[in-house]
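The values are calculated or read from the model by the stated rules, or taken from the named source; none is laboratory data. Nothing here was measured: the structure is a model prediction, and the numbers come from that model. In this analysis, Cβ positions are derived from the backbone assuming ideal geometry, glycine residues included, and neighbour counts consider all displayed protein chains.
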Amino acid sequence: MLKLPRLYAIADASWFAEDDRLYAFAEELAAGGITWLQYRNKSGNVRQMLTQARELRRRLPRSIQLIMNDRADLCLAAGFDGLHVGQDDLTPEAARVVLGPDKWLGVSTHNPEQLQEADLSAADYLAIGPVFATSSKRNPDPVVGLEGVRRARALTRKPLVAIGGITLENAGSVREAGADAVAVISNLLSHPRNSAQDFLRVLG
């Protein structure tokens with residue numbers, strides 16, 4: 001079974017005015033010790049996304065697992081290690097057909113019903129959230145809280161990622177609630193190398 005790292009970093013291209021800043025951010029995270037990085041770009045065109053993804057793959061060590069958000073075709077074209085889909089994207093089964101058996105596949109869930117359905121799917125890991133209020137999405141789903149993480153943990157044996165509003169101050173409690181990994185976006189933006197190291201220290 002897949003063993004997730006404690007810290008699941010996400011690089012959202014919309015946070016960066018220039019591509020070079022995105023790449024520098026990812027390289028700093030790598031220097032800080034992350035081993036998984038999801039690339040997310042909700043607003044770019046296909047050419048831009050593929051260019052950015054291939055450049056991330058070129059610049060980062062092969063030891064870092066790169067996960068593409070939403071786009072199975074770009075995951076393959078960029079040589080990424082896995083794909084993460086949401087409730088409005090490809091189904092896990094459809095994604096698996098495109099990806100083949102050797103890529104990691106994750107699915108976002110926001111309530112027990114979605115999680116139970118995803119648990120029966122071809123996904124390798126499941127995400128639950130938002131755990132806390134978050135500013136990284138324009139129209140976030142309802143907050144599930146720590147109790148939502150505990151309930152998710154009770155409903156699946158698959159690796160579980162908690163996402164949404166996770167900070168240095170609350171990351172430990174999220175892990176204690178049963179998450180194998182915490183996904184962090186905005187709280188890595190300032191001093192990414194040091195921030196990654198701080199999260200890894202807190203997560204134990």
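Here are the numbers for this structure:
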| item | result |
| --- | --- |
| Hits in region 167-190 - residues which are in contact (Cβ under 8 Å) with a residue 40 or more places away in the chain, of a type outside the set (Ser, Thr, Tyr) and surrounded by fewer than 21 Cβ atoms within 10 Å (Cβ to Cβ) | Arg175, Asp180, Leu189 |
| Filtered residues of region 14-35 (kept if farther than 20 Å from Val107 by Cα, in contact (Cβ under 8 Å) with a residue 12 or more places away in the chain and assigned to a loop (DSSP other than H, G, I, E, B)) | Gly32, Gly33, Ile34 |
| From Gly106, Gly164, residue being surrounded by 16 or more Cβ atoms within 10 Å (Cβ to Cβ), at positive phi and either touching a residue at least 12 places away in the same chain (Cβ under 8 Å) or touching a Ser or Thr at 6+ places or on another chain (Cβ under 9 Å) (or both) | Gly164 |
| Residue within region 36-56 that is among the aromatic types (Phe, Trp, Tyr), touching a Phe, Trp or Tyr at 6+ places or on another chain (Cβ under 7 Å) and not in a loop (DSSP other than H, G, I, E, B) present | yes |
| In region 4-18, the residues that are charged (D, E, K, R) and farther than 16 Å from Gln38 by Cα | Glu18 |
| Any hit, region 5-13, residues being within 24 Å of Asp102 (Cα to Cα), touching a residue at least 12 places away in the same chain (Cβ under 8 Å), over 10 Å from the mean Cα position of the chain (by Cα) and not in a loop (DSSP other than H, G, I, E, B) | no |
| Total residues in region 121-160, condition surrounded by fewer than 19 Cβ atoms within 10 Å (Cβ to Cβ), within 19 Å of Gln38 (Cβ to Cβ) and at pLDDT below 95 | 6 |
| Count of residues meeting criterion [exposed (fewer than 13 other Cβ atoms within 10 Å of the Cβ) and of a type in the set (Val, Ile, Thr)] in region 30-49 | 1 |
| Residue check, Asn45 closer than 22 Å to Asp102 by Cβ and either in contact (Cβ under 8 Å) with a residue 12 or more places away in the chain or not small (Gly, Ala, Ser) (or both) | no |
| Options Glu55, Glu113: the member that is surrounded by 15 or more Cβ atoms within 10 Å (Cβ to Cβ) and acidic (Asp, Glu) | Glu55 |
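Rundown of residues vs (1) basic (Lys, Arg); (2) more than 25 Å from Gln52 (Cβ to Cβ), yes/no style:
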position	(1), (2)
Asp73	no, no
Leu90	no, no
Ser121	no, yes
Leu126	no, yes
Leu146	no, yes
Arg151	yes, yes
Lys158	yes, yes
Val161	no, no
